[in-house]
1. Given points 7 Å out from each Cα along the Cα-Cβ axis, report the residue A:222 to residue B:31 separation in nanometres with one decimal.
2. What lysines does residue A:181 reach when the alpha-carbon gap must be under 30 Å and sequence neighbours fewer than 8 apart in one chain are set aside?
3. List the lysines whose Cα lies under 25 Å from the Cα of residue B:45, skipping any in the same chain that are fewer than 8 positions away.
4. Show which aspartates and glutamates lie in cross-link reach of residue A:187 when reach means a straight Cα distance below 18 angstrom and same-chain residues fewer than eight apart are skipped.
5. For residue A:101 and residue A:139, compute 0.36 nm times the residue count separating them, minus their Cα-Cα distance, and round to one decimal in nm.
6. Tell me the label-point distance for the pair residue A:179, residue A:20, using the 7 Å Cα-to-Cβ offset, in nm and rounded to one decimal.
7. I'd like to compare A:193-199, A:32-38: which one has the highest average count of other Cβ atoms within 10 Å, and what's the full order after that?
8. List the chymotrypsin sites (Phe, Trp or Tyr not before Pro) within region A:107-155 that DSSP assigns to loop and that have no more than 12 neighbouring Cβ atoms inside 10 Å.
Amino acid sequence: MGIGLLLVAVAVTAITGNEIAGLVSASAVGSGIQFVTGFSLLPTAGAFCSPLVGLKRKCQAPTMGGAKRLYLALTEDILNEFLTYDLAKTSGEFAAIIPMVVGKKWIEIEAWYDTTKFDTEMKIGGGFTQSVEFKVIGYDKEITKLMALLYEAPVNVIIQGNDDKLYYIGQKYVPMMFEAKGVMPEKGTSRKEVTFTAKQDGLQVPVFPLAATATFDVTPLAA
Amino acid sequence: MLKFETKDKELLIWVNGLTKTPESLTQEELAQLQKSGDTRVIDAKAKKELTEVSPA
C-alpha cells in the first residue's frame, strides 16, 4: 500500500509538475482508503511496547531473606552474555547450564551466617542496578588473599538463598567489582570482620532467578 | 544409561541445591543435566552401539 501511495504521489507530481500536489494527493488517497477499509499504515495502540502480563498473588510460600551459599566466577570465564533483557521480559529466569569457558568453574565463598544480602533496583532511563554484600569474620591470610584476588576483578555472583532458590548477580559485560572494608575493633566486645560489597548500575536485567534446572560447575573448597 | 564424561578430577556440579561429584549423580540428575544442555552427559548405550557399527 505504501508503494502504491508513493506511485500516486510520483504520478500526480509528473502530471501537474507540482510536488505539493503530489504529496497532498497521496495523503488524500491514503486517508480515503483508511476511511473506507479501516486499514491504517500507521501502527495502532500497543505496537511499541511488549504486552504486559499480569502477576498473580502468591500465598503460603516462604519468601524469607537470608542466604546459605555464595559462588563467584571471573567474568572472563563466562562464555557469553546469556542473561538478556529479552529473556527477562519473556521467561524471567534462566533454566539451563551456565555457559563457561572450557575448564573454568565457579568458586564458593563461605560467608559468615546471616551476612549475605543483595538487592536490585529499576531506574527510569537507567536500566537496573544490582548490589551484593557479604561478611567474613576474623582477619587472616586467606581473607587477605581473597581481598587481593578480588581487587579490581570483574566477577559475577550466584547466591543460594535460605529459600534454596538461586539468584544471579551481574552480567558478563556489566560485571560486579568488589570493595572490602576490614574492621579491627578497639575492644574485646566486637569482632574482627571484613565486609565485601559490590554495586553496579546500568545493567540490562535485574537480579536474575535461576530455575531449578540451572546447573553450574564448582571448584571444591580446600579442606 | 546416561554417563557423565569428564577428565576433571576435582569437579563438583551444582544441581538441585547440592554440589555433587560426577560419580554421585543419579540417572534423573544426569537426564536433567542433559536436558539443560550439558554436553558432557552422554548415552553410554547409544555410544557403544555407534562404536560397534563404525568401521575400524
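1. 4.1 nm
2. A:68, A:104, A:105, A:117, A:123, A:135, A:141, A:145, A:165, A:172, A:192, A:199
3. B:3, B:7, B:9, B:20, B:35
4. Here the aspartates and glutamates satisfying the reach criterion relative to residue A:187 do not exist.
5. Gain on extension, residue A:101 to residue A:139, equals 10.4 nm.
6. 6.3 nm
7. Highest-to-lowest ranking by the protection proxy: A:193-199, A:32-38.
8. On the way: sites: A:112, A:113, A:118, A:128, A:134, A:139, A:151; in loops: A:112, A:113, A:139, A:151.
Counting only loop positions with at most 12 other Cβ atoms within 10 Å, the chymotrypsin sites (Phe, Trp or Tyr not before Pro) in region A:107-155 are A:113, A:151.
Every number in this text was worked out from the coordinates using simple rules, so none of it is lab data. Everything numeric in this text was worked out from a predicted model, so none of it was measured. Cβ coordinates were reconstructed from backbone atoms using ideal geometry, including for glycine residues, and neighbour counts include every protein chain displayed.
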